[in-house]
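Following: one structure in C-alpha cells, then a few remarks.
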Amino acid sequence: MYNERMLLTKREEQLLKAFQNYGKLSIKQISDILKVSQRTVYRTISDLTKSLNAIQVSMVKEDNKYILVGELSNLAAVKTLKNFEQKERLNLITYYMLSASEDLTNDQLQKLLDVSNVTVIQDMAEVEKRLLDFDLYVERKKGYHLVDSSHTARRLLAVLLTNTISVSDFWQQNYGIFDKLDKKKLALAKEIFSHLQADLPEMDAKLSEFFIILLALSGWKEVEALTQNISKEALDFSQKIYTEFSKKSGQFYSIQEILYYASILDELLIKRQETPLFHEKFDSEFFYNISNLIDKVSLYTKINFAKDKTLFHFLFHHIRLSLAVPTLFDDKSKVTIAQDAVKGNEYLHRVIRLLVQDIFPRYLQRESEYELITLHFASSLRRSPDIYPIDILLLTDERPLAKELLATRIRSIAPFVDKIEVKRMAQFKKDDKNAYHCVLTTRPTADSDLHVISIYPDAKEILQLQNYLQKIQANQTVILKKERADSKGYDLQNYLRAAQQLLQEFSYQEVSNSKSFTASVAEIIGQMDVVTDKVYLTDKLLKRFETSPLAIPDTKLALLHTQSSKVEKSCFKIYQLKSPVTALSMNHKEEEVHRILVMLTRLDESKEIRELMTAISQSIIENHLYTEIYKTGNKDILYQLLNQIFTEKIKKLGA
C-alpha cells in the first residue's frame, strides 16, 4: 500500500481538483480554469502526470479531453507544497515575530515557510525595514527577537490579522494559518462588540474587524496605562464592553486594559468624525492634514480640487482607515485599477507621493497607498464638472427625444461634462469650434475636426466616445466654471429661516485685548449677550481648545466652538484682535492669531441651525479659498460669504 505523501505545487493541486470536480477537461477548459496560456497548460499536465504516476494514477486523453484513471483512492495521499508568495511570507514572518514567546531562528523560519536560508535572510531584511516604520526593532542574539513596547506590538498584531484575514473569512471564523488566535475568545469579542457597536459612530467593516481582534487580544502581554485626553464617549464604551467581556469570559481585566482600548478607539474613530462641530474632542491635526493635502495638490497641479465637494469626504474616510489599519507589505505581483490611474496621471502621482511623504506618518508611506490616493484625485477629475469641465456642441437633425437620450448617455459616461448645447447641422459655424472643447455630430461631414457619433451608439461606440472625451478633458486648457443660478424650485422654508437667524446674529468687530490667548478669550466671551454663564463657558472653550487646538496653520485665525446650555442663541461671530496673541495650531505648532472665530450653539438647537453651523465649520477647515476670506474680509464681505455658504447648502439640499 502507498504510504508516502505526495507534494504538488499550487497549480498542480488546482488542476487535480478540477479533474475531481468535472471528470473530463479539454485544453481550453484547463487554460480558463488556471488562467494561463495553452503552452503552460501542457507543461502543467506533464508535471502532474509524473507526480500521479508515482501513486498508480494516470492521465489519459479521450475525445480531445483528459481524464484520470487508475488507483484514484491514492489521491488522498496528495499534499500541496506551501509555496508562499513573498507578501504572504513577509506577513507570516511578522506574525511569528509578534506572537513568539522566545527568539526565532533562521532554521525555524526555513521549516515554517519551506524556503531556503537565503530567502529567509532577504525576507527578514524587508520585515526589519518595515517594522522600523512602527518603531519596532529586530535584535539578533540566539535568533531574531523583537524589541518594543507591548502597546505597539499588540496594536500591530491586530493590524496584521485584520489585513490578512478577509472580512468574509473573519465572520465565517476561517482564520487560516493564524493558529495562535483564541477562537472562543474571538467569538465572544465578536458577539459583544456587534451587540454594542450601535453606541459608536458608523465605521468601515475592516475597522470593526480591527476593534474586535484588538478586544480579543486583551490580556496578551501587559499594556501601558494611556490616560491622556480620553473622551467620555470612548471611556464609557470601553467600560461597558469590558464589563460584558469579563462577565461572559469569567476573566478580570485591569483598568489599564480599559484605558488602553478607549485610547485606541478615541484615536482611530471617535476623534476622527467628518463633522466634528458637536464633538467635544476631535483630531484637529487629522482634519488639517486632509484639507492641506487637497490644497497643496491643487497648488502644484493648478487644478482646483477643492471645488469637488465629495473629494474631502472620500479622502477623509480612506486615509482614516489606512492610518488605523495600514497595509504592511505591498503585493507587487498584482496590477490594480489604482496602478492604471497612475499611468494616465503621472505628474499628479509624483506630486501626491511627495506630499503624502511630507504630511503623513512613516507607516503610511507605501506605493500602494500613493496609488490609491492618486486614484481619488484622478476620479475627482472624471467625476466633477466643477473642477475640470468641458463644454460640448452636439450637431444633429434628429428628433428631440433622440437628442435628449443621446445627451443623457454622454453625461452618464462623462460626468465632467458641464454643458451640452444642441444645434441643427445648418446652424453650425466655424467659430463654434473655438467656443466648445469639442463638437460631436450624428452625420459625417467634410470637417475632420468633428467627431462622428451615432444617434443610438452601441456599447463599443460608447466606450470609444468615453475615451475620446477623457482625452479632450485631460489635454484642455483649464477653464474656470462660471456659477449659474439653480432654477429648480424647492420648499425649504425652515432652512431659509435658520439662515436668516444666523445672519442676523452674525457680527464682526475689532476688540482691545490682553496679550495672552487665554485672557483674550475671556474678554471676548465676557461681552457676548447670548451667554448666560460667561466664566463657565470661557473655561469650557479653553479646555476644549487645549485638547483639540484649532488655530489654523498659516492663517492667523483661531476657531472656538461648542454647544452648551449656557448659550441662549446660536451664533457665529468674528473678533479682530488689536493685539495679536499666540495659540497652539492644528498641527501642534505655535500660531500668531489676529482673528478669533467664535461658533456657539444652543444645547437643544434645531436640525436646520446645526446643519448650517456645520457648513460654516467645514468652510473654515476644508476650503482654503474661504479661509483666505475669513482671514482678510471686512464685515460686508464676510456677511456675503456666509450668505453664499448658506445658499450653496440649501441648494444642495433641494437638488
(request) For segment 293-310, indicate whether the set of residues that are within 14 Å of the chain's Cα centre (by Cα) and at pLDDT below 85 is non-empty. (result) yes
(request) Sort out which residues of segment 617-646 are in contact (Cβ under 8 Å) with a residue 60 or more places away in the chain and either among the β-branched types (Val, Ile, Thr) or touching a Ser or Thr at 6+ places or on another chain (Cβ under 6 Å) (or both), and write them in order of number. (result) Ile620, Ile621, Glu622, Thr627, Lys631
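Against the condition closer than 25 Å to Asp529 by Cα and out of contact with any helix residue (DSSP H, G or I) (no Cβ under 7 Å at 6 or more places or on another chain), how does Asp554 come out, does it pass?
Spelling it out, it is not the case that Asp554 is closer than 25 Å to Asp529 by Cα and out of contact with any helix residue (DSSP H, G or I) (no Cβ under 7 Å at 6 or more places or on another chain).
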(request) Identify, by number, the condition in (1) within 27 Å of Pro201 (Cα to Cα); (2) in a helix (DSSP H, G or I); (3) modelled with pLDDT of 85 or more that Arg350 doesn't meet. (result) (1)
(message) I'd like the residue in segment 540-579 that is assigned to a helix (DSSP H, G or I) and farther than 21 Å from Asp604 by Cα and, out of all such residues, is modelled with the highest pLDDT.
(response) Leu542
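The rows are residues; the columns are (1) modelled with pLDDT of 90 or more; (2) within 37 Å of the chain's Cα centre (by Cα); (3) not assigned by TED's automatic domain parsing to the domain that holds Phe329.
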| position | (1), (2), (3) |
| --- | --- |
| Val69 | no, no, yes |
| Ala76 | no, no, yes |
| Arg89 | no, yes, yes |
| Ile93 | yes, yes, yes |
| Lys111 | no, no, yes |
| Ser116 | no, no, yes |
| Thr119 | no, yes, yes |
(request) Quick one: which residue in Leu502, Leu584, Leu577, Leu600 is within 24 Å of Gln640 (Cα to Cα), aliphatic (A, V, I, L, M) and within 33 Å of the chain's Cα centre (by Cα)? (result) Leu600
(message) Suppose the filter is modelled with pLDDT under 90 and in a helix (DSSP H, G or I); does Leu277 pass it?
(response) yes
(message) Give me the residue from segment 469-507 that is exposed (fewer than 10 other Cβ atoms within 10 Å of the Cβ) and among the acidic types (Asp, Glu) and, out of that set, modelled with the highest pLDDT.
(response) Asp491
(message) Which residue is surrounded by the most Cβ atoms within 10 Å (Cβ to Cβ), if the candidates are limited to segment 609-629 and must be farther than 15 Å from Asn643 by Cα and among the charged types (D, E, K, R)?
(response) Glu622
(message) When you scan segment 437-458, do you find a residue that is assigned to a strand (DSSP E or B), at pLDDT 85 or above and not hydrophobic (A, V, I, L, M, F, W, C), even just one?
(response) yes
(request) List the number of the failed condition for Tyr436; all other conditions in (1) buried (at least 16 other Cβ atoms within 10 Å of the Cβ); (2) closer than 22 Å to Asp458 by Cβ hold. (result) (2)
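The values are calculated or read from the model by the stated rules, or taken from the named source; none is laboratory data. If you're wondering where the values come from, they're calculated on a predicted model, not measured in any experiment. Every residue, glycine among them, receives a Cβ derived from its backbone with ideal geometry; neighbour counts consider all protein chains shown.
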